[in-house]
Every structure is written in structure tokens, then in C-alpha cells.
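Everything on this sheet refers to the single structure shown next.
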Amino acid sequence: MRFMDQKGFTILELLIGAVVILLVVLIALPMHAMRSKRTEQVSVKAQLHCIREAEETYRSRHGYYTDDASKLANWKQRTKRYHFRIRHASSTRFVAEANGDLNNDKICDDTWTIDENGVLANVK
């Protein structure tokens, strides 16, 4: 019986194939995680702009900004990985904040703020 006449892959060829597949997965995973993070950030920025518009509406009706997000009309939290709050509110200014746990480890990974002028800032 001759081994050269048999058809199939050697263990070395299978091992090389597995290594190549592993390298492709290791390159693709971080790229997917970055894309997912960017998508979440776009959603958070839109939510913060909605909070700003709701705060302006509230101020036009009551004369001051509110620090209670439940009083804001036309705004409901729509992201699961971020927690929104009004950090500061007075008659002339407010700051809203979004804290995100992007990798589900109970630690804040990303923080965005917006103020009464619509200035968005990535604090963390």
C-alpha cells in the first residue's frame, strides 16, 4: 500500500487551514466591535439631541430647564447600553449625560454630554 496514492489532507495541511481561519477571525472580531460601538454612539448622539429639543420645549413652557427626564415630552430612552440623566439644570443652562457600558462589564466605558447650546462632548 502506498501512502502517496491516497487522497485527502495531511494533518499538517489541516492544521495550516485551521490557523488561517483563526487569523481571519482574530482580524475580523475587533473590526466588528468597533463598528458596533460606532453604531451605538450614533444612536446616543441622536438621543442627546432629542433631550436637548425636549429641554428647550420645557423651558419655553415653564421658564427653566428641568433635571427630571421623566418630565420631558417626546423623549424616551431608546438604547439599552446607555443610561441617560440630566446632570445639571437651571433657568439658563442644562447638561445632559449618557453613560454607556458597551461590553457588559458593569463599568462605564463611554460618556457623552450635551448642553443647552447643542455642544456634544465625548467625556470618556
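Residue-level check: of (1) among the hydroxyl-bearing types (Ser, Thr, Tyr); (2) closer than 22 Å to TRP112 by Cα; (3) surrounded by 10 or more Cβ atoms within 10 Å (Cβ to Cβ), TYR64 misses just (2). Which residue pairs have Cβ atoms closer than 9 Å, lie 6 or more positions apart in sequence or on different chains, and pair a first residue in the stretch 15-35 that is modelled with pLDDT of 85 or more with a second residue that is not in a helix (DSSP H, G or I)? Filtered contacts from the stretch 15-35: GLY17/PHE9.
Okay, residues lined up against (1) of a type outside the set (A, V, I, L, M); (2) on the phi < 0 side of the Ramachandran plot; (3) over 21 Å from the mean Cα position of the chain (by Cα):
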| position | (1), (2), (3) |
| --- | --- |
| ALA46 | no, yes, no |
| ASP67 | yes, yes, yes |
| LYS71 | yes, yes, yes |
| GLY100 | yes, yes, no |
| CYS108 | yes, yes, no |
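Within the stretch 19-69, the set of residues being under 24 Å from ASP101 (Cα atoms) and not in a helix (DSSP H, G or I) comprises ASP67, ASP68.
Which of the residues belonging to the stretch 39-56 are modelled with pLDDT of 90 or more and among the polar types (S, T, N, Q)? Break it down stepwise before answering.
Initially, the stretch 39-56 is screened for residues modelled with pLDDT of 90 or more, giving 44-56.
Correct list: GLN47 only.
When ILE114 is tested against (1) at pLDDT 85 or above; (2) over 18 Å from the mean Cα position of the chain (by Cα), just one condition goes unmet, and that condition is (2).
Looking only at the stretch 84-112, filter to residues that are free of Cβ contacts under 8 Å to residues at least 40 places away in the same chain and within 11 Å of GLN47 (Cα to Cα); which one of those is surrounded by the fewest Cβ atoms within 10 Å (Cβ to Cβ)? Within the stretch 84-112, the match that is surrounded by the fewest Cβ atoms within 10 Å (Cβ to Cβ) is GLU97.
Note on the stretch 71-85: among residues that are in contact with a strand residue (DSSP E or B) (Cβ under 7 Å, 6 or more places away or on another chain) and at pLDDT below 85, the one that is farthest from ILE51 (Cα to Cα) is ARG81. If you go through the stretch 35-58 and keep only what is surrounded by fewer than 18 Cβ atoms within 10 Å (Cβ to Cβ) and over 17 Å from TRP112 (Cα atoms), you end up with ARG35, GLU56, THR57.
The values are calculated or read from the model by the stated rules, or taken from the named source; none is laboratory data. Predicted model, so just to flag it, every value in this text is computed and none were measured. Positions of Cβ are generated from backbone atoms using ideal geometry, with glycine treated the same way; all protein chains shown enter the neighbour counts.
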